[in-house]
Amino acid sequence: VQLQASGGGLVQAGGSLRLSCSASGRTFRGYAIGWFRQAPGKEREFVGAIRWSAGTTYYSDPVKGRFTISRDNTKATVYLQMNSLKPEDTAVYYCAAGSPILSMVGRRESYVYWGQGTQVTVSS
């Protein structure tokens, strides 16, 4: 599976962006698609995930209520809608695919395939 993340950019605090993660090589069926982010000098952290088949979503506490993950079956694409953005959301955002059990949804090692990342910068 090859993943392509896109949609990053520069936005003012309080604004919105929508990131996309598309797959080539096969569909997302059977996978969970996770979003992670990495700010300069920090560890890569879990943002959220969606189980492709069931549509179940998971979010980290810092983004809960502001970010929404959805999927488009026809386009084999997962979206990360980011609202009420804050400067601390600035990071490179990555999408990844894997088959984590529930307790491992937020763990990087649960995801096998990774996209190249897209930069999100939120100015204050």
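Some observations on this one:
- Across region 87-92, rounded Karplus estimates of 3J(HN,Hα) from the backbone phi angles (6.51 cos²θ - 1.76 cosθ + 1.60, θ = phi - 60°) give x, 6, 7, 4, 4, 8 Hz, Gly and Pro being marked x.
- Of the three principal axes defined by the Cα atoms of region 37-78, the extents in descending order read 37, 19, 15 Å.
- Percent accessible area from carbon and sulfur atoms, region 11-111, protein chains only, probe 1.4 Å: 47 percent
- Check: region 1-118 dipole with +1 on Lys, Arg Cβ and -1 on Asp, Glu Cβ, in debye: 240 debye
- Under 5 Å, built H, 5+ apart or other chain: amide partners of Gly48: Trp35, Ser60
- Dipole orientation for the chain: of the candidates Gly98, Leu17, Gly115, Gly98 has the Cα lying most toward the positive pole (charges on Cβ; Lys, Arg +1; Asp, Glu -1).
- Using θ = phi - 60° and Karplus 6.51 cos²θ - 1.76 cosθ + 1.60, couplings along region 74-82 (whole Hz; Gly, Pro as x): 5, 10, 6, 10, 10, 10, 10, 8, 10
- Couplings 3J(HN,Hα) for region 52-63, derived from phi with the Karplus relation 6.51 cos²θ - 1.76 cosθ + 1.60 (θ = phi - 60°), are 4, 6, 8, x, 5, 10, 9, 9, 7, 4, x, 10 Hz, where x marks Gly and Pro.
- The C-alpha radius of gyration of region 1-80, expressed as a fraction of 2.2 N^0.38 Å, stands at 1.11.
- The distance between label points at Leu10 and Lys75 comes to 2.6 nm (points 7 Å beyond Cα on the Cα→Cβ vector).
- Per residue solvent-accessible surface (Å²) - region 30-124, probe of 1.4 Å: 48 Å²
The values are calculated or read from the model by the stated rules, or taken from the named source; none is laboratory data. Please read all numbers here as calculations on a predicted model, not as lab measurements. Neighbour counts are summed over all protein chains in view; Cβ atoms, including those assigned to glycine, are modelled from backbone coordinates with ideal geometry. Side chains included, ligands, DNA and RNA excluded: accessible areas come from the protein's heavy atoms. Shrake-Rupley method; radii C 1.70, N 1.55, O 1.52, S 1.80 Å.
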